[in-house]
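The values are calculated or read from the model by the stated rules, or taken from the named source; none is laboratory data. Keep in mind the model is a prediction, meaning the values are calculated, not measured. Here the Cβ is made from the backbone with ideal geometry for all residues, glycine too, and neighbour counts use every protein chain on show.
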């Protein structure tokens, strides 16, 4: 898969129209099996994969014999609750044929706004990927209302990509890329294969370009591209109706690549952390200083003192015993919890706190020097 060469972590967004048959409201099993073959090949090439999938409401409304007309909020939530089981099972069974394990992650907009939830989501996905598992992410429509919804899975996929530091986001839908205008209306609309930077002119082109099945059309995809590319993650819009939709992109299938504005997504994340105002301070010993300089995380054993009051997920400054500020990090514990475990070994954390906590006080990915 030449087009993903160099990408170590890829998020694939699957639209409802690809996964669920529009006439029968059933899973398109043959198509899903072909996608699973692509994911198997990506895994074989050392690429970590996360899937953001629509389809739970479409599947659930059939089981509940609900009409094709617009559903009420309560009906949508009920459909999502029923359909999510089928959705997860379909992915699990299909990928299991290639000995790939899957996990289900349901999120709401609040999970990315709240730093503690953000850290939890990030840590969970990181652990799953380290274990070779493919996380299947979807919005938790059973509890989400308009006030706390992403609103569309393009935006959700972009946020997931940024959260986990993905190199590439692939939006598979019923459109084959970005056009100068709506190709269904304008016969002179031209396909744009590569977009170096999202300019006001590009944004104007997206105003009237709308997909038949997508909630937000090209405007939401452009918003997703803005979110990802500024965080160092490239994005591709491609038609996913073909079997083996990922590998088929190497052929003559059209798509649009939005280039990342910086090379490394981790650089963008650390830049974001560096702009935060520290609410507390962790004083560390020389051993911990050397560990951080060699790219390791900050462990409780290396902390000498905890200053000021802060909550889990807050930014804290990291200083040496001489008072020199080494960097800013997102702390995995509150100040009270951190004070309780400083100087101890990770094996002692559960006994001290009374519950199983994180092995690290600040993870290396959450430190900006």
Which of the strands (runs of 3 or more DSSP E) found entirely inside the range 247-319 contain at least 2 residues meeting this: within 30 Å of residue 170 (Cα to Cα)? 255-258
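What is the residue count in the range 316-331 for residues that are in contact with a helix residue (DSSP H, G or I) (Cβ under 8 Å, 6 or more places away or on another chain), within 13 Å of residue 280 (Cα to Cα) and surrounded by fewer than 21 Cβ atoms within 10 Å (Cβ to Cβ)? Quick ask: steps written out before the conclusion?
Of all residues in the range 316-331, those in contact with a helix residue (DSSP H, G or I) (Cβ under 8 Å, 6 or more places away or on another chain) come to 318, 320-321, 326-331.
Then drop every residue that is not within 13 Å of residue 280 (Cα to Cα), which leaves 318, 327-331.
Then keep just the ones that are surrounded by fewer than 21 Cβ atoms within 10 Å (Cβ to Cβ); that gives 327.
Total meeting the criteria: 1.
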Among the residues of the range 332-354, is any in a strand (DSSP E or B), surrounded by 15 or more Cβ atoms within 10 Å (Cβ to Cβ), at negative phi and in contact with a helix residue (DSSP H, G or I) (Cβ under 9 Å, 6 or more places away or on another chain)? no
Please pick out the residue among 53, 79 that is crowded, with 19+ Cβ neighbours inside 10 Å and modelled with pLDDT of 90 or more. 53
Out of 20, 11, sole residue that is farther than 19 Å from residue 135 by Cα, crowded, with 21+ Cβ neighbours inside 10 Å, in contact with a strand residue (DSSP E or B) (Cβ under 9 Å, 6 or more places away or on another chain) and modelled with pLDDT of 90 or more: 20
Of all residues in the range 198-225, which are more than 15 Å from residue 11 (Cα to Cα), modelled with pLDDT of 85 or more and touching a strand residue (DSSP E or B) at 6+ places or on another chain (Cβ under 9 Å)? 198, 202, 222
Would the range 33-40 turn up any residue that is in contact with a helix residue (DSSP H, G or I) (Cβ under 9 Å, 6 or more places away or on another chain), assigned to a helix (DSSP H, G or I) and either more than 23 Å from residue 101 (Cβ to Cβ) or outside the structural domain of residue 161 (by TED's automatic domain parsing) (or both)? no
